[in-house]
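Q: One structure is given below, represented as structure tokens, and several questions about it will come after.
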């Protein structure tokens, strides 16, 4: 492993950074979620997950539940289910109706085969030992239960990567600057089936491609600024680069009328 990738992995998985800065509240996560309001086609991801759970009865745990998007939807649409939300960061759980608890995916406070389904939505890339986390999720799910995970493709949002490098290059005076950090790089849509397949015999990937089109820089800038917790990993003055990205984006929209971002993400439905 190169020094760059080792530093990247350490930053993305550091528990103190995650709980104390990146997810101290849901502000930054909400900024990243909000960008998808401009995505077409619009996918009702909580609804898709609820649909995948249509045959499930009993207990469901949302591990890394964040600000409760899936927990609240399931409690609304499936009041017959007993839904538990778990997250590593106490600050994320403040606005999530209970029952919720602080927990680590590698040491879940659940009995073996204690739930009929588990969710791990956009969170396994934050785990230092992904195979250990998958093994633990497998342990708590019943033999005929399922795990639903989600992540982004390695080819997700290339236009944002390009915008960042252009802005960073302008700030540094180098033409093109260093890449921005990628949270999902350790557990992309392409890599995920191999990780999940170690414990689950059937892994179905449901891709959800689309395009985000904005005519105002601010949703994109808010999304980029939400990576403030990893500012030290970018090898460039973070706020200056954000400001330069805003100027580049405003000029692009003035000339082209809009800025388009191609998205590639999806969910993985896992069974024994």
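Q: For the stretch 254-272, which positions are out of contact with any helix residue (DSSP H, G or I) (no Cβ under 6 Å at 6 or more places or on another chain) and assigned to a strand (DSSP E or B)?
A: Pass one, the stretch 254-272, residues out of contact with any helix residue (DSSP H, G or I) (no Cβ under 6 Å at 6 or more places or on another chain): 254-258, 260, 262-267, 271-272.
Correct list: 260, 262, 263, 265, 266, 267, 271.
Q: Sort out which residues of the stretch 235-258 are surrounded by 14 or more Cβ atoms within 10 Å (Cβ to Cβ), in contact with a strand residue (DSSP E or B) (Cβ under 8 Å, 6 or more places away or on another chain) and free of Cβ contacts under 8 Å to residues at least 60 places away in the same chain, and write them in order of number.
A: 252, 253
Q: Further question on the same structure: Return yes or no: is residue 97 at pLDDT 95 or above, surrounded by fewer than 19 Cβ atoms within 10 Å (Cβ to Cβ) and at negative phi?
A: Numbers: at pLDDT 95 or above: no; surrounded by fewer than 19 Cβ atoms within 10 Å (Cβ to Cβ): yes; at negative phi: yes.
Criteria not met by residue 97.
Q: Continuing with the same structure: Yes or no: residue 11 under 24 Å from residue 205 (Cβ atoms), surrounded by 14 or more Cβ atoms within 10 Å (Cβ to Cβ) and either at pLDDT 95 or above or out of contact with any strand residue (DSSP E or B) (no Cβ under 7 Å at 6 or more places or on another chain) (or both)?
A: Numbers: under 24 Å from residue 205 (Cβ atoms): no; surrounded by 14 or more Cβ atoms within 10 Å (Cβ to Cβ): yes; either at pLDDT 95 or above or out of contact with any strand residue (DSSP E or B) (no Cβ under 7 Å at 6 or more places or on another chain) (or both): yes.
No, not satisfied.
Q: Which residue, of 84, 108, is at pLDDT 95 or above and under 17 Å from residue 127 (Cβ atoms)? Walk me through how you get there before you give the answer.
A: Numbers: 84 fails: under 17 Å from residue 127 (Cβ atoms).
When all the criteria are applied, what remains is 108.
Q: Collect the residues in the stretch 190-199 that are under 19 Å from the mean Cα position of the chain (by Cα) and in a helix (DSSP H, G or I), keeping them in residue-number order. So that I can check it myself, show each step before the final result.
A: Restricting attention to the stretch 190-199, the residues satisfying the condition of being under 19 Å from the mean Cα position of the chain (by Cα) are 190-196.
Selection gives 192, 193, 194, 195, 196.
Residue-by-condition table, conditions (1) assigned to a helix (DSSP H, G or I); (2) under 19 Å from the mean Cα position of the chain (by Cα); (3) without any contact (Cβ under 8 Å) to a residue 60 or more places away in the chain:
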residue	(1), (2), (3)
50	yes, yes, yes
57	no, no, yes
62	no, yes, yes
66	no, yes, yes
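Q: Can you tell me which condition residue 144 does not meet? The list is (1) in contact with a strand residue (DSSP E or B) (Cβ under 7 Å, 6 or more places away or on another chain); (2) assigned to a strand (DSSP E or B), and all the others hold.
A: Here residue 144 clears every test but (1).
Q: Another question about this same structure. Here is a list: 119, 81. Which entry is touching a residue at least 60 places away in the same chain (Cβ under 8 Å) and under 19 Å from residue 46 (Cα atoms)? Break it down stepwise before answering.
A: Values: 81 fails: touching a residue at least 60 places away in the same chain (Cβ under 8 Å).
Checking each option against the conditions leaves just 119.
Q: Quick one: in the stretch 143-189, which of the residues that are closer than 20 Å to residue 60 by Cα and buried (at least 17 other Cβ atoms within 10 Å of the Cβ) is nearest to the chain's Cα centre (by Cα)? Steps first, please.
A: Looking only at the stretch 143-189, we keep the residues that are closer than 20 Å to residue 60 by Cα, and these are 143-151.
Among the residues that remain, those that are also buried (at least 17 other Cβ atoms within 10 Å of the Cβ) are: 145-151.
On the way: 145: 23, 146: 20, 147: 16, 148: 13, 149: 10, 150: 7, 151: 6 Å.
Once the filter is applied, the top-ranked residue is 151.
Q: May I ask you to say which residue of 63, 83, 56 is in contact with a helix residue (DSSP H, G or I) (Cβ under 8 Å, 6 or more places away or on another chain) and within 22 Å of residue 199 (Cα to Cα)?
A: Numbers: 83 fails: within 22 Å of residue 199 (Cα to Cα); 56 fails: in contact with a helix residue (DSSP H, G or I) (Cβ under 8 Å, 6 or more places away or on another chain).
It is 63.
Q: Also, I was wondering about something else. Would you check which residues across the stretch 200-234 are closer than 17 Å to residue 170 by Cβ, without any contact (Cβ under 8 Å) to a residue 60 or more places away in the chain and either in contact with a strand residue (DSSP E or B) (Cβ under 9 Å, 6 or more places away or on another chain) or part of a loop (DSSP other than H, G, I, E, B) (or both) and list them?
A: Correct list: 217 only.
Q: Residues in the stretch 33-44: is at least one crowded, with 17+ Cβ neighbours inside 10 Å, in contact (Cβ under 8 Å) with a residue 24 or more places away in the chain and either part of a loop (DSSP other than H, G, I, E, B) or more than 17 Å from the chain's Cα centre (by Cα) (or both)?
A: Within the stretch 33-44, one or more residues are crowded, with 17+ Cβ neighbours inside 10 Å, in contact (Cβ under 8 Å) with a residue 24 or more places away in the chain and either part of a loop (DSSP other than H, G, I, E, B) or more than 17 Å from the chain's Cα centre (by Cα) (or both).
Q: Additional query: Could you check residue 21 against (1) within 21 Å of residue 149 (Cα to Cα); (2) assigned to a helix (DSSP H, G or I) and say which number it fails?
A: Of (1) within 21 Å of residue 149 (Cα to Cα); (2) assigned to a helix (DSSP H, G or I), only one is false for residue 21: (1).
The values are calculated or read from the model by the stated rules, or taken from the named source; none is laboratory data. Just so it is clear, the model here is predicted, and its values are computed rather than measured. Note: ideal-geometry Cβ built from the backbone for every residue, glycine included; neighbour counts use all protein chains shown.
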